[in-house]
Amino acid sequence: VTGHPRRVRVATDPGYDVLVGSGVRAAVVDMLPDSVSRVAVVHTATVADTAVGVASSLQQTGREVLPLVVPDGERAKTTAVVDELWSTLGTAGFTRSDAVVSVGGGAVTDVAGFAAATYLRGVAVLHVPTTLLAMVDAAVGGKTGINTTSGKNLVGAFHQPRGVLCDLDLLRTLDRRDIAAGLAEVVKCGFVADPGILSLVEGDPVASTDPSSEVLATLVERAVGVKAAVVSADEREATSRGSRVGREMLNYGHTLGHAIERTEGYAIRHGEAVAVGMVYAAELGCRGGALPAVVVERHRTVLAAVGLPVSYPAGHWPALLAAMRVDKKARGHTLRFVVLDDIAKPTILAAPREELLREAYTAVSGR
Ligand SMILES: NC(=O)c1ccc[n+]([C@@H]2O[C@H](COP(=O)([O-])OP(=O)(O)OC[C@H]3O[C@@H](n4cnc5c(N)ncnc54)[C@H](O)[C@@H]3O)[C@@H](O)[C@H]2O)c1
Ligand SMILES: [Zn+2]
């Protein structure tokens, strides 16, 4: 471990630490309870070197390691893969005093987390996220899940990890566009809860995308801090009540963002779709609520500064509106948007007029 790792506490029950810094993956041996004698290391082939390193440090503490390779990306999040993980754990005679360690992007932390949540009704899991998105979002908060033929993340469980190790060294092999996409969720945390994040990105957009910079370390720490606070207060995403917006605030930019992903057949990066979705939500919050126009403009400048898209073609509106409606129908409620009254003041806009929705879209497309 080099430099000073930062530590963020997630106060769920049980609670756990998220370590952020260069080299923190070495702490994997300290974060597992002593009683753990066997560890399944779930990873993709793309991060095999990292997984081998994690496995050998575990072996040096006398633990038996079972490497489990899963397919890359969304292909890992299937019942077939979960079935294979359960079977392998069963064959190896895993017990509740053994543990799972995930090494990979959000797809890996999701599927390994789900297998850990369900095997023997729950064994310990520790995440070593290897993408920025997984560090600031997927690995923290205890949501795990897989996809079905009807849609993404439709099956899952809440299962908090024992710890999360955000080793910034691992981001060095990630391409720049993936770092930018992860930063969309960081900027989101800035708008819904921690304006200091926005100032940091605006102050040095280049360092914000550089894994070796202290700026990115601080951004990850603060974004995780936002997620930790929100999740601690609303662990299982109870619906937001009245003016209190709980975990749902993390969906800022996601209503339109998900529609963009769906209509593009998931060919666009999640963070890029969410970036456009946040500009859209800002336009909604301005036209249909209290958000000052200058904050809408700030969405555009901060997102564009790190190379994220802030507009989308005009002709796509009918398909996007239809996709948003289908999504909501599937979840059994009317269209809902997280919007801002101001920075760090999220609120819910439910069932807005179609005219308002279209006007806000025109502002996102027509420049
Ligand atoms: N559970 C949650 O709360 C939550 C939150 C957000 C997202 N998610 C899930 O996370 C997934 C998206 O996460 P993601 O963007 O990390 O996707 P991913 O896991 O598919 O990883 C993206 C790509 O990056 C590669 N990769 C991973 N680490 C790398 C590294 N260090 N260097 C080079 N390449 C690397 C992977 O092999 C993969 O091809 C989605 O399935 C989404 O549903 C879950
Ligand atoms: Zn997201």
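Kindly indicate whether any position in segment 233-241 is within 16 Å of ligand 2 (Cβ to nearest atom), open to solvent by 60 Å² or more (accessible area, probe 1.4 Å) and in a helix (DSSP H, G or I). No.
May I ask you to list the residues in segment 169-179 that are among the hydrophobic types (A, V, I, L, M, F, W, C) and surrounded by fewer than 24 Cβ atoms within 10 Å (Cβ to Cβ)? Leu171, Leu174, Ile179, listed by residue number. Annotation note: of Ser208, Ser212, the sole residue that is under 23 Å from Asp167 (Cβ atoms) and surrounded by fewer than 19 Cβ atoms within 10 Å (Cβ to Cβ) is Ser212. Given the structure, is Val52 within 16 Å of ligand 1 (Cβ to nearest atom) and in contact with a Lys or Arg (Cβ under 8 Å, 6 or more places away or on another chain)? No, not satisfied.
For segment 108-144, enumerate the residues that are of a type in the set (A, V, I, L, M) and within 15 Å of ligand 2 (Cβ to nearest atom). Reasoning before the result, please.
So in segment 108-144, the residues of a type in the set (A, V, I, L, M) come out as 108, 111-112, 115-117, 120, 123-126, 128, 132-136, 138-140.
Leu132, Leu133, Ala134, Met135, Val136, Ala138, Ala139, Val140, listed by residue number.
Here His333 passes the criteria (1) within 20 Å of the chain's Cα centre (by Cα); (2) surrounded by fewer than 23 Cβ atoms within 10 Å (Cβ to Cβ); (3) not hydrophobic (A, V, I, L, M, F, W, C) except the one numbered (1).
Candidates are the residues of segment 180-215 that are touching a Ser or Thr at 6+ places or on another chain (Cβ under 8 Å) and touching a residue at least 60 places away in the same chain (Cβ under 8 Å); the one that is farthest from Leu308 (Cα to Cα) is Ser212.
Checking the condition part of a loop (DSSP other than H, G, I, E, B) and on the phi < 0 side of the Ramachandran plot, which residue from Ala273, Ala290 passes?
Values: Ala273 fails: part of a loop (DSSP other than H, G, I, E, B).
Testing whether each residue is part of a loop (DSSP other than H, G, I, E, B) and on the phi < 0 side of the Ramachandran plot leaves just Ala290.
Within segment 139-162, the set of residues being within 21 Å of Val187 (Cβ to Cβ) and either open to solvent by less than 30 Å² (accessible area, probe 1.4 Å) or not basic (Lys, Arg) (or both) comprises Ala139, Val140, Gly141. Screening the candidates Ala275, Ala281, Ala259 for the property of being more than 20 Å from Val136 (Cβ to Cβ), open to solvent by less than 60 Å² (accessible area, probe 1.4 Å) and within 14 Å of ligand 2 (Cβ to nearest atom) yields one hit, Ala259.
Collect the residues in segment 18-32 that are farther than 12 Å from Ala99 by Cα and without any contact (Cβ under 8 Å) to a residue 40 or more places away in the chain, keeping them in residue-number order. The answer is Ala26, Asp30. For first residues located in segment 33-45 and free of Cβ contacts under 8 Å to residues at least 40 places away in the same chain, partners that are acidic (Asp, Glu) and not in a strand (DSSP E or B) and lie 6+ apart or on another chain with Cβ distances below 9 Å form the pairs Ala45/Asp72.
In this structure, does Leu165 turn out to be of a type in the set (A, V, I, L, M, F, W, C), in contact with a Lys or Arg (Cβ under 8 Å, 6 or more places away or on another chain) and open to solvent by less than 10 Å² (accessible area, probe 1.4 Å)? Steps first, please.
Numbers: of a type in the set (A, V, I, L, M, F, W, C): yes; in contact with a Lys or Arg (Cβ under 8 Å, 6 or more places away or on another chain): yes; open to solvent by less than 10 Å² (accessible area, probe 1.4 Å): yes.
Yes, satisfied.
When the residues of segment 336-366 are filtered to those that are under 17 Å from His299 (Cα atoms) and in contact with a Lys or Arg (Cβ under 9 Å, 6 or more places away or on another chain), the one that is surrounded by the most Cβ atoms within 10 Å (Cβ to Cβ) is Ala360.
Restricting to segment 120-155, give me the number of residues that are among the basic types (Lys, Arg) and more than 9 Å from ligand 1 (Cβ to nearest atom). Don't jump to the end; show me each part of the working.
Of the residues in segment 120-155, the ones among the basic types (Lys, Arg) are 121, 143, 152.
Add one more test, that the residue is more than 9 Å from ligand 1 (Cβ to nearest atom), and what stays is 121.
The number of residues fulfilling the criteria is 1.
The single condition among (1) open to solvent by 20 Å² or more (accessible area, probe 1.4 Å); (2) within 15 Å of ligand 1 (Cβ to nearest atom); (3) assigned to a helix (DSSP H, G or I); (4) in contact with a helix residue (DSSP H, G or I) (Cβ under 9 Å, 6 or more places away or on another chain) that Ser199 does not meet is (2). Identify the residue in segment 249-293 that is touching a residue at least 40 places away in the same chain (Cβ under 8 Å) and of a type in the set (D, E, K, R) and, among all such residues, is farthest from Leu356 (Cα to Cα). Filtering segment 249-293 for residues that are touching a residue at least 40 places away in the same chain (Cβ under 8 Å) and of a type in the set (D, E, K, R), the one farthest from Leu356 (Cα to Cα) comes out as Arg269.
Within segment 293-341, being modelled with pLDDT of 95 or more, among the hydroxyl-bearing types (Ser, Thr, Tyr) and outside any helix (DSSP H, G or I) holds for Ser311, Tyr312.
The values are calculated or read from the model by the stated rules, or taken from the named source; none is laboratory data. As the structure is a prediction and not an experimental result, all values here were calculated from the model. Every residue, glycine among them, receives a Cβ derived from its backbone with ideal geometry; neighbour counts consider all protein chains shown. The accessibility values were calculated without ligands, DNA or RNA, using every heavy atom of the protein model including side chains. Shrake-Rupley method; radii C 1.70, N 1.55, O 1.52, S 1.80 Å.
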